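All remarks here apply to the structure that follows.
The values are calculated or read from the model by the stated rules, or taken from the named source; none is laboratory data. Everything numeric in this text was worked out from a predicted model, so none of it was measured. Please note: Cβ atoms are built from the backbone with ideal geometry, for glycine as well, and neighbour counts cover all protein chains shown.
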Amino acid sequence: MNLLPDLAPLAAALRDLTPPEPTPLPFLERPVLLLFSDDSTLFFARRMRDCLQAADPDLVVHMGWVVGENALSYRQMSQLLPEGPDHAVHGKNAFAELMEGSEYRAILTSRVYGPLGAQMRRKVLSVRKDRPCVLAFLGGLDFFPQNGYFRRRNCDGVYLFPHSELPVYAGLAEGWDDMMWQEVGFGHPSFLQPQTLSPEDLASRRDIYFFTQALSPSTRRGRLHILQALAAMARANPDRTVWIKLRHLPGENQKHLHLEKHDYPGLLTELSDVPANLKLTACTMDEALETAALGITCTSTAAIDVIRAGVPCMVHLDFVDNYVDPLVEPMRKLFAKSGLITSLEDMLHLRSSAPDPQWQDDMFCPRDLGTRVLDTVRRFADRPFQLSPTTT
Amino acid sequence: MIAKLKKTALGKAIYRLSRARLGAPLQMLSRAVQHEALQLEHLKSAHRSHNQRQIDILAHFEAQIASSQPGKVPRASEQNT
C-alpha cells in the first residue's frame, strides 16, 4: 500500500504557475540594439537610430549601454539620453547571452568591444541560425584605420568610409584566413550627404563655433594662440558671438581615450580683456549646429558634423606648434582635396569655401543608410550554411 | 625618439628603475625631458619661422581692428611685433 501522497497533481499545478519561456519574435520583427559607452559611441547610436527610424518608422530600436566600458559622466548621460538606455549590457557573459539569445535581429556598433569581438571569432556561433547580425561601423574619422579594419573582420557587416577605402579593405581581407559571411557597405550615420541650408537661413545666423579637440593643438602656447585668434575674431565682429564649444567640462571624461592636458576654460582665464562675445559652451553638437553660421576646428571630427549640417566649415591646421602635433598631417591628408583647409589669415577674415563636390561624394554616403543597413540584415538572415541553435 | 628608446634594453631598464622604490627622481627627470616646451623640434628654423608667421598674421589683424575701432588699446600679440 502506497502511503505517500500522489504528487502528480501538485507538480502539474506548479508547472502551470511557472511562466512559459517567451516565444521569440520572428527574426525580422525583432528590435535592433545599438551599443554605446562614451560620448562618441552615443552620438553614433543616436544618429543611427534616426537613420533606422527614417527607413522603417515601425522598427523598434533599443539603446544598449555597455556598462563595463562606460566613460560618460552623469551630466552627459542626462543631456544626451535623458530617457535612459533600453538595455544594460553588463556582466561577464553579457555578450555571449546577447549573441546566443533571440531577442535582437541586429546589434549595431561603432566600436568592437573585446568580448563582442571574442564572440564573433567563434566559428560555431558565426554560423548559428537565429542569432543577431552584428554590424560594425567605424568609430569616426580614423587617421590610422587599418587596425580598426582588422578588429571588424569577423563582424557580419562592416560599413566604411570614405568610399575609396572599400577596395583597401577588400585587399586586406584577402589576407585574413578566418573570414566568414560578411557584407561590406559604405557609410556612417555621421557621414550622411550634407543638408542644404537656404542662403536666408545662413545669413540670419550670427554664431561662430570653434569646436575643440582634446589633443590638438597639443601645446599650451598653441592653444593660447588659438584663443587669442578667436578673441580677435570676436572683437572684429561685435555683432556675432564666437563660441568655444567644449566637448566636455574640465574634470569630466577622465576615462576617455583622449585626455585633454590644457583645457580651454582654464586657459581663457589667462587672457586679459576677453571680449564679451567670446563664450564657452558645453551644449550638444546638434544644438550648436542649429544656430552656427560657421564652424571652425583644428583636427576634430566635428568638421564632418559641420559639413553634414550644411554649415560653412574651416579646418585650421596652421596653428602655433602644429609641427609637434601628430594629428595634423593625417588630418591634412584626409582633407587635402576638400578645399576646407583654411589659413589663419582667411580664418580671421571669415573667408570660407564650399567643400569640393568630388571629395564630398567620397566622404559622405547617401542618406538611405538605414534602408541599406536593414537590407544587409535581411540578407544575413538568408545566408548559406546556417546551423540550428539546437545542434550548437 | 622617446618611443624608440622605450623599445630598447636600456629603455626597459630605465623604466624598471623608475618604477622601483627610489624611482621618483628618475620620473621627475623623465617628465622634464618630455616637457612640451623642451622639444628639439622647436629649435628648427622652419618651425620657428612658422610660429612667427602665425604670430605676425594675428598681430597684423589685431592692429587692423584697433585702427578701425579708435580708442582701443592694441593687444599683447601686437606689442610683440
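Aliphatic (A, V, I, L, M), part of a loop (DSSP other than H, G, I, E, B) and under 21 Å from the mean Cα position of the chain (by Cα) - does that describe any residue in segment A:111-124? There is at least one residue in segment A:111-124 that is aliphatic (A, V, I, L, M), part of a loop (DSSP other than H, G, I, E, B) and under 21 Å from the mean Cα position of the chain (by Cα).
Could you pull out the residue among A:VAL242, A:VAL184, A:VAL168 that is in a strand (DSSP E or B), within 28 Å of A:GLN360 (Cβ to Cβ), of a type in the set (A, V, I, L, M, F, W, C) and more than 14 Å from chain B (Cβ to nearest Cβ)? One residue alone meets the criteria, A:VAL184. Of the residues making up segment A:352-366, those that are in contact with a helix residue (DSSP H, G or I) (Cβ under 8 Å, 6 or more places away or on another chain), outside any strand (DSSP E or B) and surrounded by 15 or more Cβ atoms within 10 Å (Cβ to Cβ) are A:SER352, A:PRO355, A:GLN360, A:ASP362, A:MET363, A:PHE364.
No other residue among A:ALA71, A:ALA106 is within 21 Å of A:ARG383 (Cβ to Cβ) and crowded, with 16+ Cβ neighbours inside 10 Å apart from A:ALA106.
How many of the residues making up segment A:303-325 are within 14 Å of another protein chain (Cβ to nearest Cβ) and either under 15 Å from A:PRO355 (Cα atoms) or not acidic (Asp, Glu) (or both)? The number of residues fulfilling the criteria is 7.
Among the residues of segment A:294-314, the one identified as within 19 Å of A:LEU344 (Cβ to Cβ), in a loop (DSSP other than H, G, I, E, B) and hydrophobic (A, V, I, L, M, F, W, C) is A:CYS298.
Looking at B:SER45, B:SER67, which is the one that is more than 10 Å from chain A (Cβ to nearest Cβ), under 24 Å from A:GLU345 (Cα atoms) and either surrounded by 11 or more Cβ atoms within 10 Å (Cβ to Cβ) or more than 20 Å from the chain's Cα centre (by Cα) (or both)?
B:SER67
Tallying residues that are of a type outside the set (S, T, N, Q), at the interface with chain B (Cβ under 10 Å from one of its Cβ atoms) and in contact (Cβ under 8 Å) with a residue 12 or more places away in the chain within segment A:326-345 yields 1.
Here the condition is being touching a strand residue (DSSP E or B) at 6+ places or on another chain (Cβ under 9 Å) and touching a residue at least 60 places away in the same chain (Cβ under 8 Å); of A:PHE144, A:PHE191, it holds for A:PHE191 alone.
When segment B:28-42 is filtered for residues that are in contact with a Lys or Arg (Cβ under 9 Å, 6 or more places away or on another chain) and either surrounded by 11 or more Cβ atoms within 10 Å (Cβ to Cβ) or aromatic (Phe, Trp, Tyr) (or both), the ones remaining, listed by number, are B:GLU36, B:HIS42. Here the helices (runs of 4 or more DSSP H) wholly within segment A:1-106 that include at least 1 residues being under 22 Å from A:ALA302 (Cα atoms) and touching a Gly at 6+ places or on another chain (Cβ under 9 Å) are A:39-55, A:74-80.
In segment B:9-31, the residues that are free of Cβ contacts under 8 Å to residues at least 12 places away in the same chain reach residues that are of a type outside the set (Gly, Ala, Ser) with C-beta atoms within less than 6 angstrom, at least six apart or across chains, in these pairs: B:GLY11/B:LEU5; B:LEU17/B:LEU26; B:GLY23/B:LEU17.
Do you know which residues across segment A:151-173 are in contact (Cβ under 8 Å) with a residue 60 or more places away in the chain and either surrounded by 14 or more Cβ atoms within 10 Å (Cβ to Cβ) or under 19 Å from the mean Cα position of the chain (by Cα) (or both)? Selection gives A:ASP156, A:GLY157, A:TYR159, A:PHE161, A:PRO162, A:HIS163. Among the residues making up segment A:272-302, those that are under 22 Å from A:ALA214 (Cβ atoms) and within 14 Å of chain B (Cβ to nearest Cβ) are A:LEU278, A:CYS298. Considering segment A:174-200, the residues that are within 30 Å of A:ALA292 (Cα to Cα) and surrounded by fewer than 11 Cβ atoms within 10 Å (Cβ to Cβ) include one that is farthest from the chain's Cα centre (by Cα), namely A:GLU200.
Table: residues versus (1) in contact with a Ser or Thr (Cβ under 9 Å, 6 or more places away or on another chain); (2) modelled with pLDDT under 85; (3) within 14 Å of chain B (Cβ to nearest Cβ); (4) assigned to a loop (DSSP other than H, G, I, E, B).
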position: A:GLN228; (1), (2), (3), (4): yes, no, yes, no
position: A:GLU252; (1), (2), (3), (4): yes, yes, no, yes
position: A:HIS256; (1), (2), (3), (4): yes, yes, no, yes
position: A:HIS262; (1), (2), (3), (4): yes, yes, yes, yes
position: A:GLY266; (1), (2), (3), (4): no, no, no, no
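The set of residues in segment A:110-147 being modelled with pLDDT of 95 or more and closer than 21 Å to A:THR301 by Cα consists of A:SER110, A:ARG111, A:VAL112, A:ALA136, A:PHE137, A:LEU138. Does A:LEU340 satisfy being aliphatic (A, V, I, L, M), more than 23 Å from A:PHE44 (Cα to Cα) and in contact with a strand residue (DSSP E or B) (Cβ under 7 Å, 6 or more places away or on another chain)? So A:LEU340 fits the description; yes.
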